[in-house]
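Scroll down for the structure; my scribbles are underneath it.
The values are calculated or read from the model by the stated rules, or taken from the named source; none is laboratory data. Every value quoted in this text rests on a predicted model; they were computed, and no experiment measured them. Positions of Cβ are generated from backbone atoms using ideal geometry, with glycine treated the same way; all protein chains shown enter the neighbour counts.
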Amino acid sequence: MNRKYRKTVIAGNWKMNKTPTETKAFMTEFKTIMPRGRWCDVALCVPAVCIPAAVRTMRETRIGIGAENCNANASGAYTGEIAANMLLDAGCPRQRPDPHHVRR
């Protein structure tokens with residue numbers, strides 16, 4: 001990859017494995033071990049209920065917070081779904097960059 005024209009992005013998620021309290025503890029520890037280099041962007045995509053805790057904890061870092069899921073509809077009768085405007089209002093500037101999202 002030619003770094004002159006493209007930036008490396010490393011993104012990950014943890015499915016349904018952390019509560020907001022656990023997210024805060026994990027993020028606090030995670031940011032201390034992250035390298036300070038600018039050669040790539042890092043994003044962590046968390047469950048919707050964990051977004052506020054993740055955003056608050058990572059506020060002073062370059063680590064982006066995204067959502068694990070985002071429905072294509074702006075509103076409607078979609079039980080359990082979350083819309084992009086809801087994510088933005090929760091402080092989440094990125095929407096689910098995970099193109100292989102699968103529901104079972």
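Identify the single condition in (1) under 13 Å from residue 87 (Cβ atoms); (2) within 11 Å of the chain's Cα centre (by Cα) that residue 63 does not satisfy, given that it satisfies every other one.
Only one criterion is unmet by residue 63, namely (1).
Take the residues in region 44-75 that are assigned to a helix (DSSP H, G or I) and buried (at least 17 other Cβ atoms within 10 Å of the Cβ); name whichever of them is modelled with the lowest pLDDT. Write out each step before concluding.
Start the filter on region 44-75 by keeping residues that are assigned to a helix (DSSP H, G or I), which leaves 48-57.
So of that shortlist, the ones also buried (at least 17 other Cβ atoms within 10 Å of the Cβ) come out as 48, 50-55, 57.
Details: 48: 89, 50: 93, 51: 92, 52: 92, 53: 94, 54: 93, 55: 92, 57: 93.
Looking at residues that are assigned to a helix (DSSP H, G or I) and buried (at least 17 other Cβ atoms within 10 Å of the Cβ), I get 48.
I need every pair where a residue in region 51-62 that is in contact (Cβ under 8 Å) with a residue 24 or more places away in the chain has its Cβ under 7 Å from the Cβ of a residue that is charged (D, E, K, R) and surrounded by fewer than 20 Cβ atoms within 10 Å (Cβ to Cβ), sequence separation at least 6 or different chains.
As it stands, the answer is 53/24; 57/24; 58/31; 61/31, since those pairs meet every condition given.
May I ask you to list the residues in region 25-43 that are closer than 12 Å to residue 12 by Cβ and either part of a helix (DSSP H, G or I) or among the aromatic types (Phe, Trp, Tyr) (or both)?
So in region 25-43, the residues closer than 12 Å to residue 12 by Cβ come out as 26, 30, 42-43.
Within region 25-43, 26, 30 qualify.
May I ask you to list the residues in region 13-37 that are touching a Cys at 6+ places or on another chain (Cβ under 7 Å) and either modelled with pLDDT under 90 or aromatic (Phe, Trp, Tyr) (or both)?
In the first step, residues of region 13-37 are kept if they are touching a Cys at 6+ places or on another chain (Cβ under 7 Å); the result is 13, 18, 20, 23.
The answer is 13, and nothing else.
State all residues of region 76-102 that are part of a loop (DSSP other than H, G, I, E, B) and either in contact with a Phe, Trp or Tyr (Cβ under 8 Å, 6 or more places away or on another chain) or modelled with pLDDT of 55 or more (or both); if no residue qualifies, say none.
The first filter runs over region 76-102 and keeps only residues part of a loop (DSSP other than H, G, I, E, B), leaving 76-82, 90-102.
Hits for region 76-102 are 76, 77, 78, 79, 80, 81, 82, 90, 91, 92, 93, 94.
Starting from region 21-46, take each residue that is over 23 Å from residue 7 (Cα atoms) and in contact (Cβ under 8 Å) with a residue 24 or more places away in the chain and list its partners that are among the basic types (Lys, Arg) and surrounded by 10 or more Cβ atoms within 10 Å (Cβ to Cβ), counting only C-beta distances under 9 angstrom and pairs at least six apart or across chains.
From residues that are over 23 Å from residue 7 (Cα atoms) and in contact (Cβ under 8 Å) with a residue 24 or more places away in the chain, the pairs are 24/56; 27/56.
Results for (1) among the charged types (D, E, K, R); (2) over 18 Å from residue 91 (Cβ atoms), shown as yes or no for each residue.
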{"site": "10", "(1), (2)": "no, yes"}
{"site": "23", "(1), (2)": "no, no"}
{"site": "45", "(1), (2)": "no, no"}
{"site": "56", "(1), (2)": "yes, no"}
{"site": "63", "(1), (2)": "no, no"}
{"site": "76", "(1), (2)": "no, yes"}
